[in-house]
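No value in this document is a laboratory result; all are computed from the given coordinates. What you see is a predicted model; the values in this text were computed from it and never measured. Cβ atoms come from the backbone with ideal geometry, glycine included; neighbour counts cover every protein chain shown.
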Amino acid sequence: MDQRHEVNVVEKSLLNQITGCVKGAVNSSHHQCVETLGKNLSIAAIAEDPIVEAVQYENTQEYPFYLGVQWHPERMVDQDSPFSYNIRQAFLDYITEREKSMAKTQSTEEDDTSENISNHE
């Protein structure tokens, strides 16, 4: 069974918006951690030790769901925890909305193509 530990969530981060929390318990079974943040990434949560527990892309307009967490939301004992359930739901909601948006864009492009073909006949 995974260990548990507390994480401190950065206020106004994507993780904070998703979970509605500034602190919470997550599982821990990792043997690696973030030492240096990549370009355009920011810390979304940090543990007391102080290991980076979550990162996000800084420009959430460009990449609305670019979130990496060090724990395993799918393996948490408390699947109703905001650090499990809310992350899962937010991800599924994002995928659903993205698919709808892509289908709408594709449909519009197909309509434009059909219209162009009709105009050339």
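For residue 34, the residues whose amide H sits under 5 Å from its own are 52, ignoring neighbours fewer than 5 places away on the same chain, with H placed 1.01 Å from N. Note on residue 28/residue 80: beta-carbon distance plugged into 1/(1 + (r/R0)^6) with R0 of 22 Å gives a FRET efficiency of 0.70. Rg/Rh, computed from the Cα trace of the chain with Rh as the Kirkwood radius, has the value 1.18. Computed from phi, the 3J(HN,Hα) profile of the stretch 31-46 under the Karplus parametrisation 6.51, -1.76, 1.60 (θ = phi - 60°) reads 10, 9, 8, 6, 9, 10, 5, x, 4, 6, 9, 9, 6, 10, 7, 9 Hz, with x in place of Gly and Pro. Taking all Cα pairs closer than 8 Å and separated by 6 or more residues, the relative contact order of the chain comes to 21 percent. The angle between the Cα long axis of helix 87-120 and the longest principal axis of the Cα atoms of the chain comes to about 10 degrees, rounded to the nearest 10. Each of residue 4 and residue 92 was given a label point 7 Å from its Cα along the Cα-to-Cβ line. The distance between the two points is 2.3 nm. Along the charge dipole of the chain, which of 72, 59, 38 sits closest to the positive end, that is, farthest toward it, with unit charges on the beta carbon of Lys, Arg, Asp and Glu (+1, +1, -1, -1)? Farthest towards the positive pole: 72. Computed from backbone phi, the HN-Hα couplings of the stretch 56-62 come to 9, 6, 5, 8, 6, 6, 6 Hz, rounded to whole numbers (Karplus: 6.51 cos²θ - 1.76 cosθ + 1.60, θ = phi - 60°; Gly and Pro given as x). The alpha-carbon of residue 23 sits under 20 angstrom from the alpha-carbons of these lysines, leaving out residues fewer than 8 places away in its chain: 12. Sort the stretch 1-56 into rounded, prolate or oblate with this rule: let a ≥ b ≥ c be the square roots of the eigenvalues of the Cα gyration tensor; rounded if a/c is under 1.5, and if a/c is not under 1.5, prolate when a/b is larger than b/c, oblate otherwise. In terms of gyration-tensor shape, oblate. A simple charge model with +1 on the Cβ of Lys and Arg, -1 on the Cβ of Asp and Glu and nothing else charged puts the dipole of the stretch 3-120 at about 360 debye relative to its Cα centre.
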